[in-house]
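The values are calculated or read from the model by the stated rules, or taken from the named source; none is laboratory data. All values reported here derive from a predicted model rather than from experimental measurement. Positions of Cβ are generated from backbone atoms using ideal geometry, with glycine treated the same way; all protein chains shown enter the neighbour counts. Ligands, DNA and RNA are stripped out before the accessible areas are found, and what is left, the full protein with its side chains, is counted by its heavy atoms. Shrake-Rupley method; radii C 1.70, N 1.55, O 1.52, S 1.80 Å.
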Amino acid sequence: MDRAFTVGSLKVAARPFMRSVSTAPSKPDVTLTAPPSVIQVEQKGKRFIVQPAAGVSLLDAALQQSIPLDHKCKKGTCGRCAVTVLAGAHFLAPKTRREREKTNQPAKRLACQAQMK
């Protein structure tokens, strides 16, 4: 038995692959956050996570952990090892005289001078 279809007899099937588009603003990108048990730093646009190691500098700890922080003199004179501490600043001792001379920004530290508590 052949059945003839007319335009009125056809039904539009639901299309499960189509979704409505929301006009609500999207959520901002989630940034890399460090757990409170590590130190998160940024240097020249790159972020690094360093495990704290008591009694050593931030630079020495990073290098021991194969983290490629840029550095040169290791004396606090060149400023090449400057980093911005994003999280975990409580693991670091207060700024040294050399650090205070190089920058007045609270989050900026010289990795070679920033000693861990």
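Sort out which residues of region 91-117 are open to solvent by 50 Å² or more (accessible area, probe 1.4 Å) and modelled with pLDDT of 95 or more, and write them in order of number. Spell out how you get there, then give the answer.
Initially, region 91-117 is screened for residues open to solvent by 50 Å² or more (accessible area, probe 1.4 Å), giving 91, 94, 97-98, 100-102, 104-106, 108, 115, 117.
Hits for region 91-117 are F91, P94, K108, Q115.
So which of I67, I49 ends up being in contact (Cβ under 8 Å) with a residue 12 or more places away in the chain and within 15 Å of A89 (Cβ to Cβ)?
On the way: I67 fails: within 15 Å of A89 (Cβ to Cβ).
Every option except I49 fails the conditions.
Take the residues in region 80-90 that are part of a loop (DSSP other than H, G, I, E, B) and touching a strand residue (DSSP E or B) at 6+ places or on another chain (Cβ under 7 Å), then tell me which one is surrounded by the most Cβ atoms within 10 Å (Cβ to Cβ). Working first, answer last.
Step one: of region 80-90, the residues part of a loop (DSSP other than H, G, I, E, B) are 80-81, 88.
Now narrow it down to the ones that are touching a strand residue (DSSP E or B) at 6+ places or on another chain (Cβ under 7 Å): 81, 88.
Values: C81: 23, G88: 21.
By that ranking, first place goes to C81.
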